[in-house]
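So the structure is just underneath, and the comments pick up after that.
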């Protein structure tokens with residue numbers, strides 16, 4: 001990891017950037033994982049780390065929260081439709097399953113809330129209060145998980161991977177909101193929301209945590 005840390009701090013000499021692969025992240029010791037985490041928190045420009053693992057649940061949550069997870073395992077179409085693909089997602093996202101009855105009841109207002117957030121049409125404190133009210137019948141962390149999934153759908157829509165979207169009942173909203181941000185901004189917003197959910201599970205004050213999330217997202221927009 002120490003050798004990798006030195007390489008990851010080197011800036012690319014060409015416009016293509018640098019990409020490094022780290023295999024078996026789920027087999028790392030806690031010390032090694034924390035060292036890698038520190039490096040990923042302050043990446044050099046145009047330097048990317050490609051991490052591979054077989055079991056996401058063996059990776060420390062803070063490392064997952066700073067990563068974008070893609071399942072490369074081939075699954076049957078019927079398994080995908082039944083939701084078994086969720087087994088490959090980190091816990092920070094899975095628990096926001098939009099099929100959950102409590103979550104399903106607030107999906108429409110959550111989607112509308114997200115549009116207000118991305119259009120910066122309301123101040124952060126008001127947005128934070130509205131999000132708390134949306135989560136009256138569920139946990140805020142679960143609703144943040146659903147929001148993470150929605151933002152990932154926006155990213156997939158933005159880059160043309162429509163077949164990978166989960167919120168198929170909101171095609172118009174997906175198309176509109178996906179055009180509000182570029183791919184870099186969407187990736188940053190997803191990271192902010194996922195990190196907020198991690199802090200929420202650590203019993204950080206809910207309203208303050210959400211207000212800080214909205215402020216950080218505004219800085220990206």
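From 64, 72, which residue is exposed (fewer than 15 other Cβ atoms within 10 Å of the Cβ), modelled with pLDDT under 80 and farther than 16 Å from residue 134 by Cα? Reasoning before the result, please.
Details: 64 fails: exposed (fewer than 15 other Cβ atoms within 10 Å of the Cβ).
Criteria check complete, one pass: 72.
Where residues in segment 1-34 are part of a strand (DSSP E or B) and surrounded by fewer than 12 Cβ atoms within 10 Å (Cβ to Cβ), which of them is modelled with the lowest pLDDT?
Taking segment 1-34 and keeping what is part of a strand (DSSP E or B), we get 18-22.
Remaining after also requiring surrounded by fewer than 12 Cβ atoms within 10 Å (Cβ to Cβ): 19, 21.
Numbers: 19: 75, 21: 81.
Here the answer is 19.
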Report task. For segment 155-174, state whether one or more residues are under 14 Å from the mean Cα position of the chain (by Cα), modelled with pLDDT of 85 or more and either farther than 20 Å from residue 105 by Cα or assigned to a helix (DSSP H, G or I) (or both). Result -> yes
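For every residue, the table says whether it meets (1) assigned to a helix (DSSP H, G or I); (2) surrounded by fewer than 19 Cβ atoms within 10 Å (Cβ to Cβ); (3) touching a helix residue (DSSP H, G or I) at 6+ places or on another chain (Cβ under 6 Å).
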position: 115; (1), (2), (3): yes, yes, yes
position: 121; (1), (2), (3): no, yes, no
position: 128; (1), (2), (3): yes, no, yes
position: 193; (1), (2), (3): yes, no, yes
position: 214; (1), (2), (3): yes, no, yes
Requested in this report: Might you let me know whether segment 35-54 holds any residue that is part of a helix (DSSP H, G or I), over 26 Å from residue 142 (Cβ atoms), at pLDDT below 70 and in contact with a strand residue (DSSP E or B) (Cβ under 8 Å, 6 or more places away or on another chain)?
Outcome: no
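The values are calculated or read from the model by the stated rules, or taken from the named source; none is laboratory data. Just so we're clear, the structure is a prediction, and the values are computed from it rather than from any experiment. Positions of Cβ are generated from backbone atoms using ideal geometry, with glycine treated the same way; all protein chains shown enter the neighbour counts.
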